[in-house]
């Protein structure tokens with residue numbers, strides 16, 4: 001993917017070396033499992049490879065014997081200072097100072113493009129996330145999926161893919177009629193009627209009060225005498241529009257902005273005598289995936305709504321699902337699954353090579369049926385992946401938080417963002433793997449300490465900026481422009497801490513590739529924290545060792561080299577934080 005991934009570069013070098021060695025075997029040698037990666041312990045070297053371990057069985061020799069053959073050839077590479085065999089046959093490499101200086105130079109030259117990958121031109125990915133019912137404000141349960149989905153889309157875009165961020169508006173179900181009736185109640189309240197306690201089954205939140213007032217101002221009391229069917233259509237339209245404005249505002253506060261808002265109703269609406277769902281049924285029937293038949297009764301006690309009848313079914317068992325799925329209800333209306341199939345067909349028709357759904361962990365049962373739909377619709381030509389996001393538990397100083405000032409029965413996303421800030425919410429929602437539950441403590445995410453990851457990372461960037469401000473004051477005649485930094489003598493950077501920082505920076509492209517390939521945006525947050533930790537550690541060393549400080553009045557060339565290193569660090573922190581969706585502040589007070 002990326003020309004800047006030095007670990008991939010060395011892997012290819014080692015594969016060429018393997019291909020050039022005569023191992024005196026007739027076996028076909030496979031290099032697929034060879035890896036080159038940073039060693040877990042930096043004292044072991046700059047890179048480690050398992051090549052000898054992978055090849056040993058294939059060539060019929062002990063791993064260390066294979067390693068000796070490889071080490072002799074690897075050591076001849078100009079970038080390699082030494083190659084040593086460790087343990088049962090791993091090979092540790094130490095690379096030359098010139099190599100690291102060259103890598104730092106590349107980071108400076110590429111600046112914000114360092115780590116960006118090159119992939120197949122025009123490869124289109126659709127990432128659908130949040131997709132909450134438009135029946136009220138976003139609550140904290142939507143927050144983690146929104147952040148993970150948005151950061152994943154940012155990551156895939158950074159990795160070179162053509163990405164569309166999509167929100168599926170569930171505006172065709174029975175919950176929309178409940179919303180409309182709830183709005184009508186608030187409309188009557190706005191006209192002066194005492195509506196009393198909100199009836200069970202309607203939405204009680206105060207967020208519908210402004211919608212009721214808007215209707216009263218616009219229509220007066222005319223809705224009271226309007227035909228019920230006509231009124232319901234108007235109430236649906238007004239309520240959905242108001243709720244989507246509310247949801248877009250909540251998402252914007254979280255720095256989430258979708259490219260496409262797709263309406264479920266558009267799948268049901270007819271153009272002429274047909275709808276998108278109807279067209280899908282006709283097309284899939286012609287391919288043999290839609291048929292009339294009976295489903296076997298579910299195992300165990302029969303549900304009350306079970307119907308032993310002939311019905312329209314999707315033959316999803318032919319493409320990996322557990323059972324065939326109903327498409328039409330007994331009243332002639334379409335099932336939710338029918339809309340799901342038509343929706344995926346619409347995505348496929350829009351030319352996406354891959355689709356990603358970000359769903360709550362309670363949707364685990366949907367994964368197999370969605371993959372079956374993708375296989376049936378595309379004939380296996382497109383890839384569908386599902387990320388399941390675990391719950392978030394809100395805490396305040398370790399104690400659970402459950403009540404909301406605004407909704408009465410759930411914490412809104414906006415309340416969380418307003419209290420701790422967008423950056424803290426986004427970073428912390430990514431600071432655990434999405435499949436693991438997350439404890440979000442309001443007190444922890446606002447403290448200024450190493451234990452608060454977002455503060456620690458943003459403070460590292462602010463510190464790099466502070467050095468440049470200090471240099472401008474203390475060395476006013478020193479040219480610290482980007483051009484000057486790109487031409488600095490980077491060979492002057494010889495301290496082990498400086499090498500460590502450069503090594504950590506060069507892991508960025510590899511991390512981007514791995515995170516994009518595995519749909520794991522949390523890796524970006526983990527990496528940023530590690531890089532920030534190295535920055536702060538090296539900064540603190542300068543307190544005790546003045547010769548390591550970034551500004552050296554007696555050696556401006558060294559100062560320029562160290563400022564160049566800081567500029568490179570800052571550019572990676574900015575790139576990583578932009579993927580997370582957080583700012584990189586120049587000052588923190």
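The values are calculated or read from the model by the stated rules, or taken from the named source; none is laboratory data. Computed from a predicted model, the values in this text were never measured in an experiment. Reconstructed Cβ throughout: ideal geometry from the backbone, glycine too, with neighbour counts over all protein chains shown.
Being without any contact (Cβ under 8 Å) to a residue 24 or more places away in the chain, touching a strand residue (DSSP E or B) at 6+ places or on another chain (Cβ under 8 Å) and surrounded by fewer than 18 Cβ atoms within 10 Å (Cβ to Cβ) is the filter here; which residues of the stretch 40-78 pass it? Matches in the stretch 40-78: 68, 75.
Taken over the stretch 308-319, the criterion of being modelled with pLDDT under 95 and either within 32 Å of the chain's Cα centre (by Cα) or surrounded by 14 or more Cβ atoms within 10 Å (Cβ to Cβ) (or both) is satisfied by 311 alone.
The helices (runs of 4 or more DSSP H) found entirely in the stretch 440-532 that carry 2 or more residues being touching a helix residue (DSSP H, G or I) at 6+ places or on another chain (Cβ under 8 Å) and more than 30 Å from residue 547 (Cβ to Cβ) are 453-474, 496-518. On the stretch given as the stretch 435-457, residues that are free of Cβ contacts under 8 Å to residues at least 40 places away in the same chain and within 17 Å of residue 147 (Cα to Cα) total 1. Note on the stretch 165-182: residues that are touching a helix residue (DSSP H, G or I) at 6+ places or on another chain (Cβ under 9 Å), outside any loop (DSSP other than H, G, I, E, B) and within 23 Å of residue 275 (Cβ to Cβ) amount to 8.
Which residue is farthest from residue 290 (Cα to Cα), if the candidates are limited to the stretch 348-362 and must be surrounded by fewer than 17 Cβ atoms within 10 Å (Cβ to Cβ) and over 18 Å from the mean Cα position of the chain (by Cα)? The qualifying residue farthest from residue 290 (Cα to Cα) is 362.
The rows are residues; the columns are (1) out of contact with any strand residue (DSSP E or B) (no Cβ under 8 Å at 6 or more places or on another chain); (2) within 30 Å of residue 383 (Cα to Cα); (3) at pLDDT 95 or above.
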| position | (1), (2), (3) |
| --- | --- |
| 520 | yes, yes, yes |
| 535 | yes, no, yes |
| 546 | yes, no, no |
| 550 | yes, no, yes |
| 586 | yes, no, yes |
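Considered as a group, the residues in the stretch 284-307 that are more than 39 Å from the chain's Cα centre (by Cα) and surrounded by 10 or more Cβ atoms within 10 Å (Cβ to Cβ) include one that is modelled with the lowest pLDDT, and that residue is 306. Please specify each residue of the stretch 413-430 satisfying the condition of being in a loop (DSSP other than H, G, I, E, B) and surrounded by 19 or more Cβ atoms within 10 Å (Cβ to Cβ). 430 - this is the single residue of the stretch 413-430 that is in a loop (DSSP other than H, G, I, E, B) and surrounded by 19 or more Cβ atoms within 10 Å (Cβ to Cβ). Checking each residue in the stretch 311-333 for being over 14 Å from residue 370 (Cα atoms) and out of contact with any strand residue (DSSP E or B) (no Cβ under 6 Å at 6 or more places or on another chain) picks out 329, 330, 331, 332, 333. Looking across 224, 251, 208, 267, one residue alone is more than 29 Å from residue 327 (Cα to Cα), touching a strand residue (DSSP E or B) at 6+ places or on another chain (Cβ under 9 Å) and part of a helix (DSSP H, G or I). It is 251.
Residues checked against (1) assigned by TED's automatic domain parsing to the domain that holds residue 538; (2) in contact with a strand residue (DSSP E or B) (Cβ under 8 Å, 6 or more places away or on another chain); (3) at positive phi:
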{"residue": "438", "(1), (2), (3)": "no, yes, no"}
{"residue": "442", "(1), (2), (3)": "no, yes, no"}
{"residue": "445", "(1), (2), (3)": "no, no, no"}
{"residue": "463", "(1), (2), (3)": "yes, no, no"}
{"residue": "474", "(1), (2), (3)": "yes, no, no"}
{"residue": "482", "(1), (2), (3)": "yes, no, no"}
{"residue": "486", "(1), (2), (3)": "yes, no, no"}
{"residue": "497", "(1), (2), (3)": "yes, no, no"}
{"residue": "505", "(1), (2), (3)": "yes, no, no"}
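For the stretch 131-140, indicate whether the set of residues that are within 16 Å of the chain's Cα centre (by Cα) and surrounded by fewer than 23 Cβ atoms within 10 Å (Cβ to Cβ) is non-empty. Scanning the stretch 131-140, I find at least one residue that is within 16 Å of the chain's Cα centre (by Cα) and surrounded by fewer than 23 Cβ atoms within 10 Å (Cβ to Cβ), so the answer is yes. Restricting attention to the stretch 110-126, the residues being closer than 22 Å to residue 509 by Cα and surrounded by 14 or more Cβ atoms within 10 Å (Cβ to Cβ) number 10.
Filtering the stretch 451-458 for residues that are farther than 30 Å from residue 314 by Cα, modelled with pLDDT under 95 and surrounded by fewer than 17 Cβ atoms within 10 Å (Cβ to Cβ) leaves a non-empty set. Whenever a residue of the stretch 152-168 is without any contact (Cβ under 8 Å) to a residue 40 or more places away in the chain and outside the structural domain of residue 247 (by TED's automatic domain parsing), its partners that are crowded, with 23+ Cβ neighbours inside 10 Å and part of a helix (DSSP H, G or I), lying with C-beta atoms within less than 7 angstrom and at least six residues away or across chains, give the pairs 163/153; 163/156.
The residues on offer are 345, 371, and the sole one that is in contact with a helix residue (DSSP H, G or I) (Cβ under 7 Å, 6 or more places away or on another chain), assigned to a helix (DSSP H, G or I) and either at pLDDT below 95 or surrounded by 14 or more Cβ atoms within 10 Å (Cβ to Cβ) (or both) is 345.
Return a yes/no flag: does the stretch 53-60 have any residue that is within 35 Å of the chain's Cα centre (by Cα) and either under 24 Å from residue 103 (Cα atoms) or not assigned by TED's automatic domain parsing to the domain that holds residue 502 (or both). Within the stretch 53-60, one or more residues are within 35 Å of the chain's Cα centre (by Cα) and either under 24 Å from residue 103 (Cα atoms) or not assigned by TED's automatic domain parsing to the domain that holds residue 502 (or both). Looking at this structure, is residue 203 crowded, with 20+ Cβ neighbours inside 10 Å and part of a loop (DSSP other than H, G, I, E, B)? Here the answer is yes, as residue 203 does meet what is asked. Evaluating residue 332 against the criteria (1) on the phi > 0 side of the Ramachandran plot; (2) in contact (Cβ under 8 Å) with a residue 12 or more places away in the chain leaves one unmet condition, (2). The residues of the stretch 550-589 that are without any contact (Cβ under 8 Å) to a residue 12 or more places away in the chain and within 37 Å of the chain's Cα centre (by Cα) amount to a single one, 589. Residues that are at pLDDT below 95 and surrounded by fewer than 17 Cβ atoms within 10 Å (Cβ to Cβ) within the stretch 87-109 comprise 87, 88, listed in sequence order.
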